[in-house]
Amino acid sequence: MVDFLKLFGRSAVFAVTVLLSVAGAPAQAEDPNIRYVRTDDPEMNAAIAAARKSLPAMKALVAKHPKARPFVKVAIAHSAGKEHIWMFFEGVREGMYVGVIANNGKMIPQKVGDYFKAKPEWISDWMLMAPPERTGAIYGAFTLRVLFKRHPDAAPAAYKARLQPLPK
């Protein structure tokens, strides 16, 4: 099971869950680990589109760095919109992205440790984390970069310094 507190540290873990919501949603969740983002947010939607477009680059990085930890962020529908949570990426089987849920959501029944299958169109981000004893480099994380820009104190400088350039 993945422990995001150990991977990110308490100050950055808030960004792992994003609730895409419709108008009328609270400005911020009660839980500091959750951020609400409107479904029509152009910057976040551009980040999601770029992440989806670069999924082949993620798969190539996974093959190149077999000891790194790969994650995909999946958008899971609920009654008020979609909740985006991280999943430890195990691979693509029968056209579905499969893995284990890595953080608890707020509006969905899936919990840490649940096995999950996601359609490709449900993928909203990806991230590859090299082992800290190696470089500790972080690849991808398109939506996190948007959130870190909006909430500069959300992640320690050491975490932000590990972010690698986005694939072209």
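The values are calculated or read from the model by the stated rules, or taken from the named source; none is laboratory data. Just so we're clear, the structure is a prediction, and the values are computed from it rather than from any experiment. Virtual Cβ from ideal backbone geometry, glycine too; neighbours counted across all protein chains shown.
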**Request:** Tell me which of these V72 doesn't satisfy, since it passes every other one: (1) closer than 15 Å to P120 by Cα; (2) over 11 Å from the mean Cα position of the chain (by Cα).
**Result:** (2)
**Message:** Just to be sure I understand the filter: pairs with C-beta atoms under 6 Å, separated by 6 or more residues or on different chains, first member in segment 131-156 and free of Cβ contacts under 8 Å to residues at least 60 places away in the same chain, second member in a strand (DSSP E or B). Which pairs pass?
**Reply:** I138/M129; I138/L163; A141/M127
**Item:** Flag if S54 is modelled with pLDDT under 95 and surrounded by 17 or more Cβ atoms within 10 Å (Cβ to Cβ)
**Value:** no
**Fill in**
Only one of E94, E90 is closer than 27 Å to A63 by Cβ, without any contact (Cβ under 8 Å) to a residue 40 or more places away in the chain, touching a strand residue (DSSP E or B) at 6+ places or on another chain (Cβ under 7 Å) and surrounded by fewer than 18 Cβ atoms within 10 Å (Cβ to Cβ), namely E90
**Prompt:** Of H65, H84, which residue is under 19 Å from D114 (Cβ atoms) and either touching a residue at least 40 places away in the same chain (Cβ under 8 Å) or surrounded by fewer than 16 Cβ atoms within 10 Å (Cβ to Cβ) (or both)?
**Reply:** H84
**Item:** Options A75, A60, A47, A51; residue that is farther than 22 Å from K160 by Cα and outside any strand (DSSP E or B)
**Value:** A60
**Prompt:** Residue check: is G140 at pLDDT below 90, in contact with a strand residue (DSSP E or B) (Cβ under 6 Å, 6 or more places away or on another chain) and not aromatic (F, W, Y)?
**Reply:** no
**Request:** Would you please name the residue that is surrounded by the most Cβ atoms within 10 Å (Cβ to Cβ), looking only at residues in segment 100-137 that are at pLDDT 90 or above and of a type in the set (D, E)?
**Result:** D125
**Message:** Tally up the residues in segment 105-121 that are part of a loop (DSSP other than H, G, I, E, B) and in contact (Cβ under 8 Å) with a residue 40 or more places away in the chain, please.
**Reply:** 5
